[in-house]
Amino acid sequence: MNHDLSVMMFSWEFPPRIIGGISPHVYYLSRSLARNGVKVYVVTCDFPGAPQHEVVDDVEVYRVDSYKNPSPDFATWVYLMNMNMQKEAAALVKSLDNKVDVFHAHDWLVATAGIGLKHVFRRPLFATMHSTEIGRRNGINSDYERMIHETEAWLTYEAWKVICCSDYMVSHVQWAFGLPEDKLIMVPNGVNNEVYAKYENEDLSQFRRRFALPEEKIVLFVGRLVYEKGVHVLVNAAPKILEKANAKLVIVGNGYMKDQLSALVKSMGLSHKVMFTGFVDDETLRRLQRCADVSVVPSLFEPFGIVALEAMAAKSPVVVSDTGGLSEIVEHDVSGVKAYVSNPDSLAWAITRILADSGYANWVRANAYKRIQEKYDWDKIAQYTKAIYKNVLGEYSKSFWARTS
Amino acid sequence: MRVIILSWEYPPRMVGQLAEYVRNLAGQLVKEDVETYVVTYHDYLTGGHDDSDGVKTIRVTNPVRTHIGVLTWVLTLNQEIERTAANIYYGSAKQVDLMDTYDWHFIPAAVTLKKSLGIPFVYSVESLEEHRSHGANSPFNMAIKSIEWLGMYEASKLLVKSEWMKNEIYKIFKVPLEKVKVVSSESPHLIKDVLGVYKSVAEGAASG
């Protein structure tokens with residue numbers, strides 16, 4: 001394929017190394033950029049069994065020995081890993097005759113590598129801020145956290161553009177680092193609806209029986225069982241849901257609140273109506289999402305809310321709490337139903353609204369699926385990202401860096 | 001010849017005796033018609049630039065103000081060292097013959113600059129973590145030793161001040177003896193000896 005521009009991505013995780021959401025994000029963004037005529041190099045940390053160099057879906061992946069230096073703590077490990085990543089990436093760019101147009105760093109975990117390479121090769125640097133230390137910790141409480149916060153601030157300062165995945169994160173990052181508004185761009189996270197296609201025509205009635213009786217509607221929650229995910233709000237909404245519909249709450253995931261939640265369910269006398277599955281594999285999860293009558297995301301805090309997008313891609317109607325990224329993903333009464341945050345009555349109302357009217361549920365389901373394809377399609381996200389690269393390269397071409405490097 | 005000296009101390013910021021030594025050397029290099037840059041750290045005590053004695057001094061600060069230890073401080077500061085050295089390189093028609101880097105602090109920058117811009121470097125070893133920490137081998141000490149090792153591996157030549165240090169480097173890091181050059185700071189022909197090493201490194205790089 002003829003490439004009209006090239007990008008080198010830095011990420012501390014890339015499949016098969018999966019720690020959090022950055023790994024699938026960089027994977028899908030990279031392969032979609034490659035499909036849209038961008039030459040993509042990913043420089044990432046090594047993983048047992050994964051090769052040092054391979055081509056995955058036309059993306060050149062380079063893995064750096066990232067545990068070669070002993071480190072007293074995680075942050076020092078990060079900076080040492082960046083030293084090695086920077087060294088390898090510098091040699092790689094030079095071996096390509098400097099034919100890399102832009103650098104793109106994902107989070108502070110690769111900040112110093114991105115910043116250093118920007119200056120030695122004089123290329124524009126992009127930063128995607130997936131999260132912030134001040135958001136994760138709900139404030140800055142120690143020197144360790146402040147150091148990370150200041151590293152994040154430095155990365156956003158050095159970046160030509162800062163990309164965030166939701167309007168909520170744009171305003172959060174703008175506030176956290178005092179950035180000018182025109183430096184920030186919202187590019188949504190995508191969802192891959194292809195992975196649900198193979199279950200489209202599958203008969204799931206046998207599978208469904210493992211979780212609910214045939215006459216019970218499945219109300220699905222997927223997520224870590226932690227306070228900010230609001231599972232307790234859903235459990236507290238159960239009696240009101242059951243007044244209006246014969247339903248089964250299926251709760252997928254693990255977390256420190258699991259025992260507390262089971263005790264709550266027991267004390268409410270609802271053990272037969274709530275099922276905790278623990279962590280399930282991808283296959284089971286996708287089938288569950290396919291046969292859920294409603295998927296609920298009752299979070300109290302949510303920077304993006306990828307789980308709502310996945311449910312929409314699986315063609316399950318969604319109910320979300322009206323907060324953070326979720327507020328933007330769902331249009332109330334069109335592509336889903338929104339409920340007040342931390343309000344069991346409101347949540348029960350939203351859920352029964354879907355369960356009580358299958359015509360309405362199907363309409364919401366269809367709208368949501370259309371919305372996914374319009375806004376959260378990886379190809380479109382890649383095309384938009386490419387346009388951002390090109391735009392900046394246009395500005396860059398008029399700078400003295402373009403003449404000197 | 002154009003040389004960039006990387007040193008974490010330089011007058012008026014003096015931590016040990018290295019600052020004075022580097023100033024003396026830089027001044028003498030200028031007298032030998034070597035275009036000499038010193039890239040160093042300053043903590044808001046001095047101005048950013050200073051061209052007295054004909055030595056072009058550029059001082060940088062760390063954009064990350066809060067740290068949990070000297071390692072995180074050094075590893076972040078290196079990006080500013082790289083930025084400054086790269087600016088010198090691009091501002092001099094991409095003609096920098098070599099870098100001379102003192103101790104382990106700016107080894108990461110020297111290595112990146114070598115790999116990206118092809119500028120070779122000399123690693124001037126003043127002291128080693130092995131001796132400073134009396135053989136301690138906590139992850140902290142080991143991390144510093146691993147950076148020293150990287151410098152010895154990537155440098156074109158090591159400059160030391162005594163035969164004793166040359167032997168210690170051989171003993172601890174198994175660096176081939178011919179890579180290590182001894183130039184005593186008391187030597188009456190110090191500058192001639194240092195220039196000899198510089199020239200061999202610059203010519204070695206030029207001939208590939």
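Can you give the charge dipole size of region B:2-206 about its Cα centre, rounded to the nearest 20 debye, using +1 on the beta carbon of Lys and Arg and -1 on the beta carbon of Asp and Glu?
Details: 22 positive and 25 negative charges, 82 e Å.
The calculation lands at about 400 debye.
Extension gain A:Asp259-A:Ile18, at 0.36 nm per residue separation less the Cα-Cα distance, in nm?
Working: separation 241, 0.36 × 241 = 86.76 nm, distance 2.68 nm.
That works out to 84.1 nm of additional length.
Please label the shape of region A:194-375 as rounded, prolate or oblate, based on the square roots a ≥ b ≥ c of the eigenvalues of the alpha-carbon gyration tensor (a/c under 1.5 means rounded; beyond that, a/b larger than b/c means prolate, else oblate). All intermediate terms of the calculation are to be shown ahead of the outcome.
Numbers: a/c = 1.34, a/b = 1.15, b/c = 1.17.
Cα axes put region A:194-375 in the rounded bin.
So what's the gap between the Cα centers of region B:86-164 and region B:167-208, to the nearest angstrom?
Rounded to whole Å, the Cα centres lie 13 Å apart.
With charges set only on the Cβ (+1 for Lys and Arg, -1 for Asp and Glu), what does the dipole of chain A come to about its Cα centre, in debye to the nearest 20? Intermediate results must be reported in sequence, preceding the final value.
Numbers: 45 positive and 47 negative charges, 60 e Å.
Rounded to the nearest 20 debye, it is 280 debye.
Once Lys and Arg get +1 and Asp and Glu get -1 on their Cβ, which of B:Val96, B:Val194, B:Tyr170 lies farthest toward the positive end of the dipole of region B:83-203?
B:Val96
So if each residue of separation counts as 0.36 nm, and I subtract the Cα-Cα distance between A:Ala402 and A:Asn98, what length gain in nm does that give?
Numbers: separation 304, 0.36 × 304 = 109.44 nm, distance 1.27 nm.
That works out to 108.2 nm of additional length.
Over 31 Å between Cα atoms, which of B:Lys56/B:Lys114; A:Lys94/A:Lys398; A:Lys244/A:Lys375; A:Lys87/A:Lys386; A:Lys68/A:Lys94; B:Lys115/B:Lys166 qualify? Provide the component values of the computation, followed by the final result.
On the way: B:Lys56/B:Lys114 21 Å; A:Lys94/A:Lys398 23 Å; A:Lys244/A:Lys375 34 Å; A:Lys87/A:Lys386 26 Å; A:Lys68/A:Lys94 23 Å; B:Lys115/B:Lys166 26 Å.
Pairs exceeding the cut-off: A:Lys244/A:Lys375.
To the nearest 500 deg cm²/dmol, what mean residue ellipticity at 222 nm is calculated for chain A from DSSP H runs of n ≥ 4 alone, each contributing -39,500 (n - 2.57), summed and divided by the residues?
On the way: 17 runs with 189 residues, N = 405.
The helix-only estimate for chain A comes to -14000 deg cm²/dmol at 222 nm.
Roughly speaking, what is the centre-to-centre gap between region A:253-278 and region A:164-213 when only Cα atoms are used, to the nearest Å?
Value for the Cα centre distance between the two parts: 26 Å.
Would you list B:Lys174, A:Lys87, A:Lys375 from fewest to most Cβ contacts within 10 Å? Walk me through the numbers on the way to the answer.
Details: B:Lys174 9, A:Lys87 21, A:Lys375 16.
Least crowded to most crowded, the residues run B:Lys174, A:Lys375, A:Lys87.
Using a 7 Å offset from the Cα along the Cα-to-Cβ direction at both A:His53 and A:Asn141, what is the distance between the two label points in nm, to one decimal?
Distance between the two pseudo-spin positions: 4.6 nm.
Name the shape class, rounded, prolate or oblate, that the alpha-carbon gyration tensor gives for region A:210-259, where a ≥ b ≥ c are the square roots of its eigenvalues, rounded holds for a/c under 1.5, and otherwise prolate holds if a/b is larger than b/c and oblate otherwise.
Numbers: a/c = 3.04, a/b = 1.58, b/c = 1.93.
In terms of gyration-tensor shape, oblate.
Using a ≥ b ≥ c from the Cα gyration tensor of region B:2-206 (square roots of the eigenvalues), is it rounded, prolate or oblate, where a/c under 1.5 gives rounded and otherwise the larger of a/b and b/c decides, a/b for prolate?
Details: a/c = 1.39, a/b = 1.06, b/c = 1.31.
Rounded is the answer for region B:2-206, as its axis ratio a/c remains below 1.5.
Loop only per DSSP, at most 14 neighbouring Cβ atoms within 10 Å: give me the GluC sites (Glu not before Pro) in region A:95-175, ordered by residue number. Could you put the intermediate results ahead of the total?
Values: sites: A:Glu133, A:Glu145, A:Glu150, A:Glu152, A:Glu158; in loops: none.
Within region A:95-175, no GluC sites (Glu not before Pro) qualify (loop, at most 14 other Cβ atoms within 10 Å).
Where nothing but the Cβ of Lys and Arg (+1) and of Asp and Glu (-1) is charged, how large is the charge dipole of region A:194-375 around its Cα centre, in debye to the nearest 20?
Details: 23 positive and 22 negative charges, 76 e Å.
The dipole magnitude comes to about 360 debye.
Between A:Glu194 and A:Ala387, what length in nm is gained on full extension when 0.36 nm per residue of separation is reduced by their alpha carbon distance? Write out the running numbers ahead of the final one.
On the way: separation 193, 0.36 × 193 = 69.48 nm, distance 2.44 nm.
Here the segment from A:Glu194 to A:Ala387 would lengthen by 67.0 nm.
Between B:Asp53 and A:Asp167, how high is the FRET efficiency from 1/(1 + (r/R0)^6) when r is the Cβ-Cβ distance and R₀ = 51 Å? Nearest 0.05. Kindly include the intermediate steps, with their values, before the conclusion.
On the way: r = 56 Å, r/R0 = 1.09.
Rounded to the nearest 0.05, the efficiency is 0.35.
Once the dipole of chain A is set up with Lys and Arg at +1 and Asp and Glu at -1 on Cβ about the Cα centre, which of A:Gly269, A:Met9, A:Ser23 lies farthest towards its positive end?
So the residue furthest toward the plus end is A:Gly269.
Would you please state which residues of region A:265-279 a label at A:Leu242 would reach in this model, taking the label point 7 Å out along Cα→Cβ and a backbone N cut-off of under 13 Å?
Only A:265-275 fall inside the zone, counting backbone N under 13 Å.
Using DSSP to define loop residues, name the GluC sites (Glu not before Pro) in region A:200-249 whose beta-carbon has at most 14 other beta-carbon atoms within 10 Å.
Working: sites: A:Glu200, A:Glu202, A:Glu215, A:Glu216, A:Glu228, A:Glu243; in loops: A:Glu200, A:Glu202, A:Glu215, A:Glu216.
Answer by residue number: A:Glu200, A:Glu202, A:Glu215.
Between A:Leu300, A:His232, A:Ala339, whose Cα lies farthest towards the positive end of the dipole of region A:194-375 when Lys and Arg beta carbons carry +1 and Asp and Glu beta carbons carry -1, centred on the Cα centre?
Towards the positive end, the residue furthest out is A:His232.
Each value in this text was obtained by applying a stated rule to the coordinates, not by laboratory testing. Bear in mind the structure is a predicted one, so any value in this text is a computation, not a measurement. Using ideal geometry, Cβ is built from the backbone for each residue, glycine included, and neighbour counts are taken over all protein chains shown.
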